[in-house]
Every structure is written in structure tokens, then in C-alpha cells.
Amino acid sequence: MLERVFYGNTLKEWGISLIIIVSALIINKLIVLLNRKVISKITSKTQTNLDDILFKSLESPILLGIILIAIWIATIRLDLGAKVHETVSKSYQILIVINITWFVVRFIGSLLEDYASEAIKNHKGAKAPADKKFKPLVKRIVMMFIWSIGIIMALSNAGVSIGALLGTLGIGGIAVALAVQDTVKNIIGGLTLFSDHPFKIGDRIQFDSIDGNVEDIGIRSTKIRTLDKRLLTIPNYKVVDAVIINVTGEPRRRVVVKLGLTYDTTPEKMKKAMEILKLMPEYVKDIDKRDLSATFSNFADSALIINYIYFIRKSSPDILESTSQVNLEILNRFNQEGLSFAFPTQTIYIEQEK
């Protein structure tokens, strides 16, 4: 009975091929048990995650590889005709490369996942949400790149002319590239913001005519809430190309004030005015003593000009409130000293003939 022939092979030959495939399935089951009961316990005790990632990434491709090898052996030992064997050979040249590519994708993807998770843990604060958004994007781009290389190598092994294929795809690729160039620019801009970190969510920034707080940094666009509470959605490539001032990142706020005193102010009173200004850190706690300057800078048309420069510390709870306190202090102390602020005036002299 075993010598009966079906499709050019005896039942014995068909049975041996079937046993080879079933044996491969049994071997796969043993490998899974060995990995989960023994190897995983050993790797979990090590200090690094690399061995855990490696064995986890290897398991499925190895199982598939064993099945492919078993089917290959079971097939080539049968008499199925030259055409069938040629088809199987080309198919296996593609499948082996795809399986190796699958392992590389799983391994690199797990490494990126592990690295990104550690990076997000280390980035506490408002920057973490942006990192979470860009993590899948970066991973997807890397995976697409690896799969592209794997598919090209597989087709090349199967005898497909890659040059001709790329030439055919090139025409359509040009049209697609023109259609999505703005999207690509925005994605690249988003990656640039992610890598450079010129600002983070919650920072107040200024560029062009825009002044506001960053509410979200997305893959395609950045959302900014202006000072008048309007929400702007700006493409990332425009943000990257602009000269950005990170107001929140400044160590101190520099304030320049020009004070005009009347022309009847004596030199002694002018010196007194500058002394009051230089002592301002003693009157207002958030004013920094460093780099403070008060100079008699100019004789204007209707005033004697004092150029006053001071800095507000970053620790100030409200910079505008600190500025207001300084101005009130100047007004009070100048009034106490009898220092008069000038306003535009004209003195007209009329010469009368005798």
C-alpha cells in the first residue's frame, strides 16, 4: 500500500515529507517552552535589557525559519517537476530574506521602544508629551526604511531587475513627492523641533509678529496661544525657518526706561535722581543689582533725559507686576525729592522793536 503512487510520488514519500513538517512543528513547540521556562528567566536576571530584547525578537523568526526549512526539505525530496521546484526555489529566496528582515525590524523596533521609554522617563515636565508623539513617528520611519531594503534584496535574489523596477516607480514617485512635499517638510520640521528642543510646551516664544505660549508640538504643526488668547496653528517648517526668541528661557528680563526731567532741574537734583534709581533693588526685591545703569544721557527739546536700565530676576512671580512696582517707586521717590517730570513745552521769546 505504501508503494502506491500519487502525483508522481509513493505514499511512503508523501508520509516522510509530512513527518518532516510535523517534526518541525514539535520542535517549534519545544523551543517556545524552552524560551519561556528557561531562557526568559535567565535573561530577566541580567542587568541589561539587550539580551531580553534579542531573544524576544529571535523567537518568532526562528520558528518561522524552522517551518520554512522543513517545508523546503519536504518539497525538494519529492518529484514535483522542474517547474514546481524552480518556483519553490525562487519563493524561498524571497521568504528567507523577508524572514531575516522581519527579525531585524523586530530587534531594532524593540531597541527603539526601550530607548524611547527611558528617554521619556528622563524628560520630566512638559517635554514628555511631545516625545510620546514623536516616538511612533521615528519608529515608523526606521521600520519602513528597513523593510524597503529587505524587499529590494528579496526581489533582487529572485531575479527581478531592481533598476527597471525603480525606473517604473520613479515616474509615479515624482508625482507623489510633488503632492506631499509640504507634508514632508512639516514632518522634517517636527523632527528638527524634537531633536533641537528650541522650546517646550508652556514656553512663551516670539517670532515674526507672533508672541504667545506653546500649547502643543505636533508631527505636522505647532499650536501657539497668543497673548490675546487666540490659538494659532503654524506648520512646523515655518517655525523651524523662523528666528525664535524663547522668552521663558531668558535668565533675566531687561527693562529700559527713559525718564525726562524738567530743564529747571539742578545738577544736584539730577545726581539725586540717579542715586534713587541705582538704589531701586533695595526698594523692589525682584530687581537684580547686577548690570544696573542710570545715566544722564541727553538734552532733549523739552527735557533732561535719564537712561535707566535694570533687570528683573527670573524668580519674579509676575514680571509686569515687578515693572509696575518699579514705576510706582520712581514716581513716589521723585515726588518726595521735588523732581519734576517734563512734558512737551515751548518757550516763545518775542523781540519788540523800540
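Kindly indicate whether any position in region 274-291 is of a type in the set (Ser, Thr, Tyr) and not assigned by TED's automatic domain parsing to the domain that holds ILE210.
yes
I'm checking my understanding of the structure. Among residues of region 213-242 that are under 18 Å from the mean Cα position of the chain (by Cα) and assigned to a loop (DSSP other than H, G, I, E, B), which one is nearest to ARG333 (Cα to Cα)?
ALA242
For region 184-196, give me each residue that is touching a helix residue (DSSP H, G or I) at 6+ places or on another chain (Cβ under 7 Å) and within 14 Å of ILE244 (Cβ to Cβ).
Within region 184-196, GLY189, THR192, LEU193 qualify.
All but one of (1) touching a residue at least 40 places away in the same chain (Cβ under 8 Å); (2) part of a loop (DSSP other than H, G, I, E, B); (3) closer than 27 Å to ARG204 by Cβ hold for ASP301; state the number of the condition that does not hold.
Among (1) touching a residue at least 40 places away in the same chain (Cβ under 8 Å); (2) part of a loop (DSSP other than H, G, I, E, B); (3) closer than 27 Å to ARG204 by Cβ, ASP301 violates only (3).
Which condition from (1) loosely packed, with under 13 Cβ neighbours inside 10 Å; (2) at pLDDT 70 or above is the one that ILE162 breaks?
Against the list (1) loosely packed, with under 13 Cβ neighbours inside 10 Å; (2) at pLDDT 70 or above, ILE162 comes up short only on (2).
Taking region 99-117 as the search range and keeping residues that are crowded, with 18+ Cβ neighbours inside 10 Å and of a type in the set (Val, Ile, Thr), which one is farthest from SER156 (Cα to Cα)?
Looking at residues that are crowded, with 18+ Cβ neighbours inside 10 Å and of a type in the set (Val, Ile, Thr), I get VAL105.
May I ask you to verify whether ILE27 is in the same structural domain as SER148 (by TED's automatic domain parsing), in contact (Cβ under 8 Å) with a residue 40 or more places away in the chain, out of contact with any Ser or Thr (no Cβ under 7 Å at 6 or more places or on another chain) and not in a strand (DSSP E or B)?
no
Could you grab me the full set of residues in region 49-94 that are in contact (Cβ under 8 Å) with a residue 40 or more places away in the chain, basic (Lys, Arg) and part of a helix (DSSP H, G or I)?
Hits for region 49-94 are LYS56, LYS90.
Can you find, within region 19-63, the residue that is surrounded by the fewest Cβ atoms within 10 Å (Cβ to Cβ) among those that are under 19 Å from ASN99 (Cβ atoms) and among the hydroxyl-bearing types (Ser, Thr, Tyr)?
SER60
Conditions: (1) surrounded by fewer than 15 Cβ atoms within 10 Å (Cβ to Cβ); (2) modelled with pLDDT under 85. GLU13 meets all but one. Number of the miss?
All conditions pass for GLU13, except number (1).
Name, by its number, the condition in (1) of a type in the set (Asp, Glu); (2) over 26 Å from PHE311 (Cβ atoms); (3) not in a helix (DSSP H, G or I) that does not hold for GLU268.
The failed condition is (3).
Does region 276-298 include one or more residues that are touching a Pro at 6+ places or on another chain (Cβ under 6 Å) and surrounded by fewer than 14 Cβ atoms within 10 Å (Cβ to Cβ)?
yes
Where residues in region 185-212 are aromatic (Phe, Trp, Tyr) and more than 10 Å from the chain's Cα centre (by Cα), which of them is modelled with the highest pLDDT?
Here the answer is PHE207.
The values are calculated or read from the model by the stated rules, or taken from the named source; none is laboratory data. Because the structure is a prediction, the values reported are computed rather than measured. Backbone-built Cβ (ideal geometry, glycine too); neighbour counts: all protein chains shown.
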